[in-house]
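All remarks here apply to the structure that follows.
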Amino acid sequence: MKQSEAPLLRVEGLTKRYGAGCERCETAEAVPGGESENRCPVCGTVWACRNIRFHLYPGEILGVVGESGSGKSTLVKCLYFDEDVTAGRMTIAGYKDGEANLFAEFAQQKRYIRNHVMGMVYQNPHLGLRMNVSSSGNIAEKLIAADHFHVGAIRERASDLLQRVEIPLSRMDEPPRNFSGGMQQRVQISKALANNPPLLLLDEVTTGLDLSVQAKVLDLIRTIQRDLRVGMIVVSHDLGVIRMLADRTMVMRRGAIVEHGLTDQILEDPQHPYTQLLVHSLL
């Protein structure tokens, strides 16, 4: 990552709310009162993300950390168009000269962006894979969506990707339902990489895995970042994962970014009281 480069991704003012909103919560910087600061006590609207701003450079890993309900998973779902935003702007280099607001594009164009310039790895592999389709077939599905139709080339690409994530080729025609959780995550990563995306989104990809399997998945992610220079956004509640992977880190709480900086700086000298609590409790 070179800071002199233009950002790969820019996000400005990303806001996602569940509910109609009211004058009180729409005009306040933070939702006042109530048992949770992102739920309006007047109208009940939940502000899952509020005025999120950040950028990502090519080949950089940006970590997003926070407790359950902080809005971090909603953030990546909005970036991948799994959720419609309430407001905001997102641009990505290489698509319409980096000028188009991706959130404002039509559904057909959003599908094109997902299929050509993004990859997504979900916490639950069932969301990213067809469990009854072979592993190679899952990769083929992504490639066909990205306009690759040569059967031999698709088969070769699937083979190369599965070898990269250490899935035995003797099992490439088995469905992911036959695999362990760690193997399913590795198949999902290979599928997400099928179209050579410049941007990869990873949402809690090690949650629920044994420690030894977590280590293998994290090492794989680092290898991909180093070899392929893919920009990544990694969402996790685990500061150990963030410490190992992320160049920079954003700390989210109740839908807002409360601290943002170099990962070492965030973890060694946290400034916000909430970040201090996270670091000191080793959550």
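The values are calculated or read from the model by the stated rules, or taken from the named source; none is laboratory data. Note that the structure is a prediction, hence the values are computed from the model and not measured. Glycine gets a Cβ as well: all are built from the backbone with ideal geometry, and neighbour counts include every protein chain shown.
Quick notes on this structure:
- The listed residue being of a type in the set (A, V, I, L, M, F, W, C), within 30 Å of His148 (Cβ to Cβ) and in contact with a Phe, Trp or Tyr (Cβ under 8 Å, 6 or more places away or on another chain), out of Leu220, Leu245, Leu228, Leu201: Leu201
- Check on Ser159, closer than 24 Å to Asp203 by Cβ and at pLDDT 95 or above: no
- Looking only at region 215-232, and only at residues there that are touching an Asp or Glu at 6+ places or on another chain (Cβ under 9 Å) and closer than 19 Å to Val76 by Cα, the one that is modelled with the lowest pLDDT: Gln225
- Residues in region 173-194 that are buried (at least 21 other Cβ atoms within 10 Å of the Cβ) and not in a helix (DSSP H, G or I): Leu193, Ala194.
- Some residue of region 227-250 being of a type outside the set (S, T, N, Q), assigned to a helix (DSSP H, G or I) and over 30 Å from His272 (Cα atoms): yes
- Here Ser281 does not fit the description of being out of contact with any Cys (no Cβ under 9 Å at 6 or more places or on another chain), among the hydroxyl-bearing types (Ser, Thr, Tyr) and under 14 Å from Ser68 (Cα atoms).
- When Asn178, Asn132, Asn138, Asn124 are checked against the criterion of being within 14 Å of Ala194 (Cβ to Cβ) and either in contact with a Ser or Thr (Cβ under 6 Å, 6 or more places away or on another chain) or not charged (D, E, K, R) (or both), a single residue qualifies: Asn138.
- Residue within region 9-28 that is at pLDDT below 90 and within 23 Å of Val251 (Cβ to Cβ) present: yes
- Pick from region 65-82, criterion in contact with a Leu (Cβ under 8 Å, 6 or more places away or on another chain) and part of a helix (DSSP H, G or I), ranking: surrounded by the fewest Cβ atoms within 10 Å (Cβ to Cβ): Val76
- Given (1) modelled with pLDDT of 90 or more; (2) crowded, with 19+ Cβ neighbours inside 10 Å; (3) under 25 Å from Pro176 (Cβ atoms), number of the condition Thr206 does not satisfy: (1)
- Some residue of region 261-283 being in contact (Cβ under 8 Å) with a residue 60 or more places away in the chain, surrounded by fewer than 20 Cβ atoms within 10 Å (Cβ to Cβ), in contact with a strand residue (DSSP E or B) (Cβ under 8 Å, 6 or more places away or on another chain) and not polar (S, T, N, Q): no
- Among the residues making up region 146-163, those that are assigned to a helix (DSSP H, G or I) and either in contact (Cβ under 8 Å) with a residue 24 or more places away in the chain or more than 23 Å from Val217 (Cβ to Cβ) (or both) are Val151, Gly152, Ala153, Ile154, Arg155, Glu156, Arg157, Ala158, Leu161, Leu162.
- The one condition in (1) surrounded by fewer than 21 Cβ atoms within 10 Å (Cβ to Cβ); (2) in contact with a strand residue (DSSP E or B) (Cβ under 6 Å, 6 or more places away or on another chain); (3) modelled with pLDDT under 95; (4) of a type outside the set (D, E, K, R) that Trp47 fails to fulfil: (1)
- Some residue of region 205-212 being more than 17 Å from the chain's Cα centre (by Cα), at negative phi and not in a helix (DSSP H, G or I): yes
- Residues that are among the aliphatic types (A, V, I, L, M) and part of a strand (DSSP E or B) were ranked within region 83-121; the one that is surrounded by the most Cβ atoms within 10 Å (Cβ to Cβ) is Val121.
- Residue match in region 122-145 (condition: within 22 Å of Pro58 (Cα to Cα), within 22 Å of the chain's Cα centre (by Cα), among the hydrophobic types (A, V, I, L, M, F, W, C) and outside any helix (DSSP H, G or I)): no
- Residue within region 164-171 that is outside any loop (DSSP other than H, G, I, E, B), surrounded by fewer than 21 Cβ atoms within 10 Å (Cβ to Cβ) and of a type outside the set (Lys, Arg) present: yes
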